[in-house]
Amino acid sequence: MNSHGMAELSIADGDCINMENETGKMENVSVKRYPMPRGYVATFFLESNVLIPAQTDPQSKTPFYKSVSVSIIPTKNNSEIQPAEVINVD
């Protein structure tokens, strides 16, 4: 996850979050800081399939793997209780 997004939500390396969208939810995901543009997150393919809609790109006929919006929700499993904030990642 981008370090600025982590700072906005008071998330540290190794803290847990939930990621969700209208398609599904991943719970207790361990966060790692990674140098990427602000507003971006990266996930592993198989684990994050629950977030990928069944729709396909009209041109390539492949699922929308590279452009899925999710909400990031800090969990209470972290070392400190996080504020009840949600950041939407587009």
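The values are calculated or read from the model by the stated rules, or taken from the named source; none is laboratory data. Small disclaimer: the values here were computed from a predicted structure and weren't measured. Positions of Cβ are generated from backbone atoms using ideal geometry, with glycine treated the same way; all protein chains shown enter the neighbour counts.
The table below lists the values:
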quantity	calculated
Subset of the stretch 7-64 (residues that are β-branched (Val, Ile, Thr), assigned to a loop (DSSP other than H, G, I, E, B) and loosely packed, with under 14 Cβ neighbours inside 10 Å)	Thr62
When residues of the stretch 32-53 are limited to those that are free of Cβ contacts under 8 Å to residues at least 40 places away in the same chain and among the hydroxyl-bearing types (Ser, Thr, Tyr), the one nearest to Leu9 (Cα to Cα)	Tyr34
Check on Pro83, at pLDDT 85 or above and either in contact with a Phe, Trp or Tyr (Cβ under 8 Å, 6 or more places away or on another chain) or at negative phi (or both)	no
